[in-house]
Each structure stands twice: as C-alpha cells, then as structure tokens.
Amino acid sequence: TVDLIRKKSEHNEGILETLEELSLHQLNLEKIEVISSCCKHLKILYLQNNLIPKIENVKKLKELQYLNLALNNIKKIEGLQSCESLAKLDLTVNFISDETFEVSILNLRKNLRLKDLFLSGNPCCNFPGYRNFVIGTLPWLQRLDGTKITKSERIVARQELESIRKKLREKSGVVPKPEAVEDDDDEAFTAENRLKWHLEDLKEEREQEEARKKAMAVQKPADPLKEARKKMSMKVTNVPEGKLPPQRNMPRVKFSFSEDKEGNLIATIEAPRYLDTSQIDVDIHPRWFQCIIKGKNLLLHTPEEVHPDKSKIQRLLHNGHLKIIMPIVNWKKATSSRSRKDKNAAEKDGEKKKNPQKIAREEELKRRDRLAVDYRNIARNNANKAASAATTGTQGATIGFLTHKASYNLEETAEIQRHDDGDESSDVDDDGEVPPLL
C-alpha cells in the first residue's frame, strides 16, 4: 500500500515522487502493486524473500536499473519488456522450470541494457544446455549467475543454440509462443497509445494529489471566535418567555427607526442594492425582529410593542433598502396643531413666571428697542423734528443728530412728568410726521 511505501521511504523524507530506491524485502508480500503509479523514478527495487508469484505492475518503471526478486514464487519471467533501463535482474531461488525456461528468456530480448542475470537455484538450471542457451539468446549479457561471460562462450553458444533449443523443447514438450505481441501493441508509439498514456498519467497524478493531501492533512482546533460568529448568525428560534434575545448585527448593515403619523414604527435596513430578495428572511415578534441577510442575522429590539401579524415588508427599488412597517399596539393619535401651540405658549408663560431674571432681561431689551434710532430715515426725521421744534418753541437751532437727540430727550422727560402727574392729556399738537412717543 501507499502507506507502507511511504513508511519505507523515510530516507527520502516520505516523498514518493522523487524516490529512487525502495526496499520491501521480507514482508510476506503476495503481489506487486501501487509501486509503478507512485514511484515512477524508482531505480533500485528490493523485493526478495516474499511470496510474489508473478512479475506485474512494473511496466511504467522506465528508470528501473536493478530488480531483486530472489526467494519468491515466480514461475516465469514476464512483464519486464517496458523496463528499458533494466541492467541487473536477480531471480535466484525461484520456480522457473524447463517448461517456462525458454519463454522466460525470450521475454528478456527487449531488455537490451541487461548486463547481469541471476537464475541459480531455479529448476531450469539443471538443464544441460542452460548456460549456453541464455548466452546465445541474450548476446549482450556480461555476467550470468555472477560469472563473467567470455568470448569463447559466446561463440560456442551461438553455434549450439539451435540444437539446445530442440533438446529443450523435446524435454519440456512445450513450443513457446511469442508473448510480446500484445505488449508490443500496447507499448507501440501510436496516437492511440499516446492518448492512453496521457489519461493514465492524469489519473495517477490525481491519486497522488489525493494521497498527498490525505497524508499532509492536519486537524486544526476549532476557532472559538469563528464558532461564536457562526452561532450568532443563525436564526433565533427558541426564546424563553418574558425575555428578549441579545441584539446583534452580523451582516454589519446600517439601520434606522422612525415613526409616522399613522402609528407605525418603520425600520429601514440598508441591505445591499443588488442582493437577491430570496437571500433575505424577516421574522417579526411583538418586542423584537430579526432579518437574515445572506445567512447572517440582524436582530433588533423595538422601542414599543408592535403587531407582527399586521406588519408589512417592502424592498425599495432605487437603492435596495428593506423597509419594515410595524403598527404600534398602544398608539394614540396626537392632538391638533392649534391646541398644541396653545399648550406650548402656556408652558412658555409658566417658564417665564418661574424665572424672574429672564423676565427682567426681556423687559430691558424691549425698552432699548423703543429708544433705538432709525438711521434709515434720519435725514427726513431731523427735518421734521426741526420744524416741530420751531412751532413748539423747543430749543435747538441746528439740524442733526444732536438736535434730534435733545428733542427726543425733552419729549421723553415730558412723557415721564405726565405719567407722574397722572394726566393722560397732552398740549402738544398731533403731527402725523412725528413718530409717536412710547
């Protein structure tokens, strides 16, 4: 399995993609699997002393140079045609018999880089022409069972190859069929095979990515802040009687409350303009309401008790804002504007009576306003005052501000004396152009 291979690749920090050497000996393995899909760059593979009966699933190990399958249950050499870099093969002490000997050696004819071959301990080694048959069939070999092949051996093997083949077939009674025909079609460089190889590579890459994620996955502890926000964003369903749920604004939208003349409490929520209305859910209660916007809860308390069953919800088209109209339960119509003004005037009078300093100040301001001079008509008023002074004998021959002021002071003094004497009549002629005395 992948876990076993990763465990045995600790020398490469558990990275299978760049693994070049793997040792899986003495593990009682019964089958070769997974290796070619996850260790494509493998160069040395140790599988000795297991229970493997067949050489398989190594076709994609293009860089494999040394394969050790000693002490297994292999009866025939096969499945190594695509291992083009194979230079050393160890099949010591297996079960290759005379019946499978010829076809086994023929299956190695495509491994042109094979230099060392170990077959000692197999039943086929007891055949008299065993060594010459191997040397004659695989002329590029340099060592057989650890012994270097000489030139003379090559010449003799080439000369005796046909006779040895006849004797081997007579003894085994088997005429081997070329096994590589089907494999040749699968390994041929064609458009169909290229597409097939590409799809296989993609599948292997996906499996490797999934295995890597699974191996590197780390269980992180839950973030308490995120968990609290998630809980606060959920819709409130169960609230104890007589209690109000805590307010919250998880979507972080602006809102406002207002009251119209018809006794409605209006809550305006500034929802996103282009948000689909299907992602908004409103739930109204007598003393609170909640608005779920994109899965986040906005819960607010109402200033007064409202009628949930009579409430209305509107979505404004020009800005997308949400308008919730909730009728107030104990609402009384306001009094008329006239009575309200009278009430306000009475309240002001009461305030004045309660504040004598304010009353004195207002009276002083009024007195100063009466004594003020109107500078806009000062020229005409001076002429009128001069004419009036000539008829009444008032002193002041000059016309100007001082004369006007002196005349004004005399008139004020006369008015004060009449007020003190209690005489409301006046001997001064009534002139329409003269401003009235206050």
Pairwise label distance in nanometres, His198 with His25, each label 7 Å out on the Cα-Cβ vector = 4.2 nm
Quick one: grab the alpha carbon gyration tensor of the range 86-136, order the square roots of its eigenvalues as a ≥ b ≥ c, and give me rounded if a/c is under 1.5, else prolate or oblate depending on whether a/b is larger than b/c.
-> prolate
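For the range 236-308, just say rounded, prolate or oblate: build the C-alpha gyration tensor, square-root its eigenvalues into a ≥ b ≥ c, call rounded for a/c under 1.5, and beyond that prolate if a/b exceeds b/c, oblate if not.
Numbers: a/c = 1.96, a/b = 1.16, b/c = 1.69.
Cα axes put the range 236-308 in the oblate bin.
Where the accessible area of the range 215-310 is counted over protein heavy atoms with a 1.4 Å probe, how much of it, in %, is carbon and sulfur?
On the way: 3530 of 6870 Å².
Reported share for carbon and sulfur atoms: 51 percent.
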Reduced to Cα centres, the span from the range 272-300 to the range 85-141 in Å works out to 80 Å
Could you tell me what percent of the accessible area of the range 35-92 is made up of carbon and sulfur, with a 1.4 Å probe and every protein chain present?
-> 49 percent
Quote the accessible area belonging to Val2 in square angstrom, nearest 10, computed with a 1.4 Å probe and with ligands, DNA and RNA left uncounted.
-> 50 Å²
If the cut-off is a Cα-Cα distance under 18 Å, which lysines reach Lys333, setting aside same-chain residues fewer than 8 apart in sequence?
-> Lys261, Lys341, Lys343
Could you give the dipole magnitude of the range 1-113 about its Cα centre, charging the beta-carbon of Lys and Arg +1 and that of Asp and Glu -1, in debye to the nearest 20?
-> 220 debye
Which net charge results for the neighbourhood of Gln290, defined as the other residues with beta-carbon distances under 10 angstrom from its beta-carbon, given Lys and Arg at +1 and Asp and Glu at -1?
-> 0
Sequence-distant lysines (8 or more away, or on other chains) whose Cα lies within less than 24 Å of Lys294 = Lys226, Lys230, Lys231, Lys235, Lys254, Lys312, Lys323
Accessible area (Å², per residue) of the range 1-158, counting only protein heavy atoms and a probe of 1.4 Å | 47 Å²
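To the nearest 20 debye, what charge dipole does the range 1-52 have about its Cα centre, counting +1 at the Cβ of each Lys and Arg and -1 at the Cβ of each Asp and Glu? Walk me through the numbers on the way to the answer.
Numbers: 6 positive and 8 negative charges, 20 e Å.
With Lys and Arg at +1 and Asp and Glu at -1, about 100 debye.
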Going down the table (Lys8/Lys76; Lys62/Lys151; Lys59/Lys203; Lys8/Lys60; Lys7/Lys88; Lys40/Lys203), which pairs top 23 Å between alpha carbons?
-> Lys8/Lys76; Lys62/Lys151; Lys7/Lys88
Kindly identify the range 96-164 as rounded, prolate or oblate by the Cα gyration tensor criterion: order the square roots of the eigenvalues as a ≥ b ≥ c, call it rounded if a/c is under 1.5, otherwise compare a/b with b/c, prolate if a/b is larger, else oblate.
-> rounded
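Enter the per residue convex hull volume of the range 1-137, computed from alpha-carbon coordinates, in Å³ rounded to the nearest integer. Can you show the working numbers first?
Numbers: hull volume 11.9 nm³, N = 137.
Looking at the range 1-137, the number lands at 87 Å³ per residue.
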Go through Ile155, Ile292 and list them by solvent-accessible area, largest first, probe radius 1.4 Å.
-> Ile155, Ile292
Expressed in square angstrom to the nearest 10, the accessible area of His41 with a 1.4 Å probe stands at 80 Å²
With all protein chains modelled, accessible area of Trp331 [1.4 Å, Å²] = 90 Å²
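The values are calculated or read from the model by the stated rules, or taken from the named source; none is laboratory data. On a predicted model such as this, the values are computed, not experimentally measured, just so you know. Note that each Cβ is placed from the backbone with ideal geometry, even for glycine, and that neighbours are counted across all protein chains shown. When the accessible area is computed, the model is the full protein with side chains, heavy atoms only, and any ligands, DNA or RNA have been set aside. Shrake-Rupley method; radii C 1.70, N 1.55, O 1.52, S 1.80 Å.
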